[in-house]
Amino acid sequence: MPEYGAGGFTASGASPTESAAPEDDGSRAVIDVHHHFCAPEWREWGEARGLVNPRALPPWAHWDAESALALMDRAGIATAVLKPMLPARYESSAQLREAVTVTLRAAAEAAEAHPGRFFFHAPLFLEDPEVSSWTLRHGLDELGAVGVNVTANHGGVYLGDPSYDRIFAELDERAAVVDTHPHNLPAGPPAGAGGPHAAGGGPGAAGAAGAADRPGARTPDGRPGAGGPGADRPGTGGPGDGRPGTGRPGGPGVPRVSAPAGGPGAGGPPGATVPGVPNFLCDFLLDTTRAAANMIRNRTLDRFPDLSVILPHGGGFLPHIATRLEAFAGSFDPPVEPAAVRDHLHRFYYDTAGPMSPAGTLLATVDPARILFGSDWPACPADVVVDLAVPALAADPALTPALRRAVNRENALRLMPRLVPA
């Protein structure tokens, strides 16, 4: 299979006349760009304020460095980029800012304690522009985060929406990496005229702040509690995006008003948009696809050309419907040129978390230099990462050793040059 790449370079970044040893596919020094991080310090902080019931938290929320490093060593992962998760409901912008402060401090300390093994993103709650702007300054400018992570939709308002332009402009000024993650599908149109701040709220939003509002808790009839971040893995509950929306009417600083579970923007019961089908199986992929399509519709990468946007889980359904999007590009409102669809498809980045299906369709659709390794741990159990996802990538018939090396590490190093493994 030929190696792909622009400008006379292969996907690994080497010229066609250069090649590494055939066995060097980067599998012994992988860079993982999709590693969920729920800080122990945040859990303690949340418990002290009555925001978190530690006994109800699912397994993926119990991150610790020892377990993380053990998984990384088993999977050949030299470096992991932490995606912070803060699964609770916040009463004000001040409380949200405090939660972000605790999480970023913990992420920075983990990176300092294990040089080269951990780097981190800064979590953005786009429905709160003031806190988001502060997070950029504190996380990127002061603490050295290598990017930011955001959800595909916040209260039904998808990435690419003009209401996020202020923050995207600040990200563009920094040439930032914007790492995305899906969440529950919205149950209806965005709530009210308040956009992202309307009641009913953003990702992870829930009903009244009772026991069932706590992540992983259950309602009296045994269903997942409305406040949980989503049943991302069977029997465990998963991270969704790991970050709920504040969902406060009237703007930042105003205590939120709870809405019934399944109300506008709430995304329905966390683990079952379709009864018996956990949201991570299908809905997460659609959520990512919707966000990508909305960014194409609004020409986000044209208006903010210095952004680098990562789509998780192989881009959701996007590579599989690429021809459909091009064929019906005129059906967007306003219409989009097919060339704009193709252009955006080649400018997004895509991670392999999932596990990813065979890469043939993805390679036929996108720039191979923009495919990155993602483990999805701990939402994806360690045995699935080690025994299924990593071997499947190594045996993927569409990937040459040079392409595997690019996916395993070199593409990530070009995107985020500071990710120098130990």
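Just a few scattered comments:
- Test result for Gly330, surrounded by fewer than 20 Cβ atoms within 10 Å (Cβ to Cβ), among the small types (Gly, Ala, Ser) and out of contact with any helix residue (DSSP H, G or I) (no Cβ under 9 Å at 6 or more places or on another chain): no
- The lone exception for Pro397 - which of (1) under 24 Å from the mean Cα position of the chain (by Cα); (2) farther than 25 Å from Glu66 by Cβ; (3) of a type outside the set (Phe, Trp, Tyr); (4) not in a helix (DSSP H, G or I) it fails: (1)
- Condition check for Val407: part of a helix (DSSP H, G or I), touching a residue at least 12 places away in the same chain (Cβ under 8 Å) and open to solvent by less than 10 Å² (accessible area, probe 1.4 Å): yes
- Among residues of segment 286-310, those that are aliphatic (A, V, I, L, M) and either in contact with a helix residue (DSSP H, G or I) (Cβ under 6 Å, 6 or more places away or on another chain) or in a loop (DSSP other than H, G, I, E, B) (or both), counted: 4
- Cβ separations smaller than 6 Å between residues 6+ apart or across chains give the following pairs from segment 63-85 residues that are closer than 17 Å to Ala113 by Cα and open to solvent by 10 Å² or more (accessible area, probe 1.4 Å) to residues that are part of a helix (DSSP H, G or I) and not hydroxyl-bearing (Ser, Thr, Tyr): Ala65/Ala110.
- Qualifying residue in segment 283-304 (condition: free of Cβ contacts under 8 Å to residues at least 40 places away in the same chain and in contact with a Gly (Cβ under 6 Å, 6 or more places away or on another chain)): yes
- Of all residues in segment 363-376, those satisfying the criterion of being out of contact with any Ser or Thr (no Cβ under 9 Å at 6 or more places or on another chain) and not charged (D, E, K, R) are Leu363, Ala364, Val366.
- Residue count for segment 371-414, restricted to those that are farther than 21 Å from Leu311 by Cβ and among the hydroxyl-bearing types (Ser, Thr, Tyr): 1
- When residues of segment 317-355 are limited to those that are small (Gly, Ala, Ser) and not in a helix (DSSP H, G or I), the one farthest from the chain's Cα centre (by Cα): Gly354
So that you can scan it fast, the table gives a plain yes or no per residue for (1) farther than 24 Å from Asp283 by Cα; (2) open to solvent by 10 Å² or more (accessible area, probe 1.4 Å):
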residue	(1), (2)
Gln95	yes, yes
Thr103	yes, no
Glu112	yes, yes
Phe118	yes, no
Leu124	no, no
Ser132	yes, no
Asp141	yes, yes
Glu170	yes, yes
Ala176	yes, no
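- Any hit, segment 302-319, residues being open to solvent by 60 Å² or more (accessible area, probe 1.4 Å) and either among the hydroxyl-bearing types (Ser, Thr, Tyr) or over 17 Å from Leu159 (Cβ atoms) (or both): no
- Scanning segment 344-362 for residues that are among the charged types (D, E, K, R) and either modelled with pLDDT under 95 or in contact with a Ser or Thr (Cβ under 8 Å, 6 or more places away or on another chain) (or both) turns up nothing.
- First in segment 358-374 and under 24 Å from Met72 (Cβ atoms), second anywhere and at pLDDT 90 or above and surrounded by fewer than 23 Cβ atoms within 10 Å (Cβ to Cβ), Cβ under 6 Å, 6 or more apart: Ala359/Asp396; Ala359/Ala398
- Scanning segment 410-417 for residues that are under 25 Å from Leu281 (Cβ atoms) and open to solvent by 50 Å² or more (accessible area, probe 1.4 Å) turns up nothing.
- Test: residue in segment 368-385 that is among the polar types (S, T, N, Q) and open to solvent by 20 Å² or more (accessible area, probe 1.4 Å): no
The values are calculated or read from the model by the stated rules, or taken from the named source; none is laboratory data. Quick caveat: nothing in here was measured; it's all calculated off a predicted structure. Positions of Cβ are backbone-derived with ideal geometry, glycine not excepted, and every protein chain shown enters the neighbour counts. Heavy atoms of the whole protein, side chains included, go into the accessibility calculation; ligands, DNA and RNA do not. Shrake-Rupley method; radii C 1.70, N 1.55, O 1.52, S 1.80 Å.
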